[in-house]
Amino acid sequence: MRPLSLRARLTGWYVAGLGVTLLCFGVLVDQALVRTFEEEFEERLTSAAGVVGFAVRDMIHDEGLPTTAVKLLQHLQFVEVDVAIFGRSADGSALPFTANDTVLAQVGARQPCRDHPITRQRLSGVPYRLLIRCVTTDSGAAPLTVIVGASERELIATRTRLRTTLAIGLLIGIALTALGGHWLSGQAVAPVRRMAEQVRRIGSENLGERLPVRATAGEVATLARMINDLFDRLAATLGRERQFLANAAHALRTPMAILQGEVAEAQREEMPGGTRDALVDIEAMTSHLGRTVEYLLSLAHRDAGTDSFALEPIFLDDVVSGTVARLGRLAERRRIRIVCTDLQETPVRANTHVVDQVAQILLENALQYTPEGGTVTISVVPDDGRGRLVVEDDGPGLESGDLEALFTPFARGSAARRMGAPGSGLGLAVARWMVECCGGMITVEPVQPRGARFFVEFPGQVR
């Protein structure tokens, strides 16, 4: 599972924190408003009960009990609640008082005449709130039971609308919070992303570059200073290593040249066959060591940034022909044929030393990995305004994972490692560096069923 990015985590934390805050605020608002609605609801019941009691006493006093029974409910139409009034005569019989709500009429017949606080009851499947008052009269008649009630449907509907509104507001708030959190987290992470991109651009060739440090950046500025200090230490270490590599290569260059000359001079003299064979082996080893020293020196120049070569108009086929002729004796000794399939006149803009060295590296590698009796083919042709050199061998071939790693210093192909073939893994890295310094490119592809084919392209001459 891919881990979440820092921006996603910051946005999630921001939304979660503010979402919980909004939820708590919504719950508090809901409780406060619901409590207010309920208090208003109960105040309306209490007020209505007082009005009804006062009206009952007043009408009984003015018109008598029988008239009250007929006209009372009509006179109480202004009361916004349901009312039921019940009473009994002196002999205990029920008076024909009625109610403007049939549900309350069912309840009142069994209620004793005494005051009750507001209660909640479910009548006929409907939630009600009831307030009962016992009203006494001056006429000496039995007290009357006044029931004031109201259905909670309106209160429940109001509460439902309130909570729906709060829920919609909460969702909108969380959505806006997510957008705002995403933007804010992007602003917070942007300096780190810019810093990561700048660090990615700094390589061994431009270790002198440093990250900008802003005084107002806070922790980001501290991180930038720490990374710059790390680059300073890394540059110092690499500088010492490069200097050591260059000094070692220079120190070995002259002794190796002298040793090669001595071996060549000794081979001209008459000597027993065993001694001559030993000199041949020594010559091969000194040649290998000499090439390794040259490669190390070239890599030291590359790492130091001194990668400029004087470019001039040359003919690619002429330089490659000279390299082939120079390595002809090595091919004969290993019983390998070098076949020039196509050598066309190919003008390019490059450096003669670079072309010769690259061709030599490719040919030496091909001769080293091609078995005895095999063939190495070479072609030089113009291609769409550029010059192309192709070297193909009959070696063990390449695996898909070797194609790019071959051009990395000290890296060798899988087949070469299995064969235990001698080599330092530096030649192709030096070849790529030299070709790219001339504005060209070098690639490789496997050949079926076995072998490898290298392509080298140099820019054509500017007319």
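The values are calculated or read from the model by the stated rules, or taken from the named source; none is laboratory data. All of these numbers come straight from a predicted model, not from anything done at the bench. Here the Cβ is made from the backbone with ideal geometry for all residues, glycine too, and neighbour counts use every protein chain on show. Protein only, heavy atoms only, side chains kept; ligands, DNA and RNA dropped before computing areas. Shrake-Rupley method; radii C 1.70, N 1.55, O 1.52, S 1.80 Å.
Points to keep in mind about this one:
- ILE168 accessible area, assembled protein chains, probe 1.4 Å, Å²: 90 Å²
- Förster radius 22 Å - calculated FRET efficiency between THR158 and GLU39 (Cβ-Cβ, nearest 0.05): 0.95
- Phi angles of the range 26-43 translate, via the Karplus equation with coefficients 6.51, -1.76, 1.60 and θ = phi - 60°, into HN-Hα couplings of x, 5, 5, 5, 4, 5, 5, 5, 4, 4, 5, 4, 5, 4, 5, 4, 6, 4 Hz per residue; Gly and Pro are given as x.
- Amide proton proximity set for CYS340, modelled H, under 5 Å, gap of 5+: ILE378
- Computed accessible area, MET441, all protein chains, 1.4 angstrom probe, square angstrom: 90 Å²
- For TYR128, TYR369, TYR14, the ranking by accessible surface with the largest value first comes to TYR14, TYR369, TYR128, using a 1.4 Å probe.
- For TYR128, the amide hydrogen comes within under 5 Å of the amide hydrogens of GLN121, ARG122, LEU123, GLU152, counting only partners 5 or more places away or on other chains and with H modelled in the peptide plane.
- Taking HIS116, HIS353 and ordering them by how much accessible surface each has at a 1.4 Å probe, largest first, produces HIS353, HIS116.
- Accessible area per residue was computed with a 1.4 Å probe on protein heavy atoms; GLU372 scores about 130 Å².
- Candidate residues ILE282, ILE338: accessible-area rank, largest first, probe 1.4 Å: ILE282, ILE338
- Phi angles across the range 166-176 convert, under the Karplus curve 6.51 cos²θ - 1.76 cosθ + 1.60 with θ = phi - 60°, into 3J(HN,Hα) values of 5, 5, 5, x, 5, 5, 5, x, 5, 4, 5 Hz, Gly and Pro given as x.
- When Rg and the Kirkwood radius Rh are both evaluated on Cα atoms of the range 315-390, their ratio Rg/Rh stands at 0.98.
- Sequence-ordered 3J(HN,Hα) estimates for the range 119-128 from the Karplus curve with 6.51, -1.76 and 1.60 and θ = phi - 60° stand at 10, 10, 9, 10, 10, 6, x, 10, x, 10 Hz, glycine and proline given as x.
- Amide H partners (placed H, <5 Å) of GLN461, local residues excluded: VAL348, ARG349
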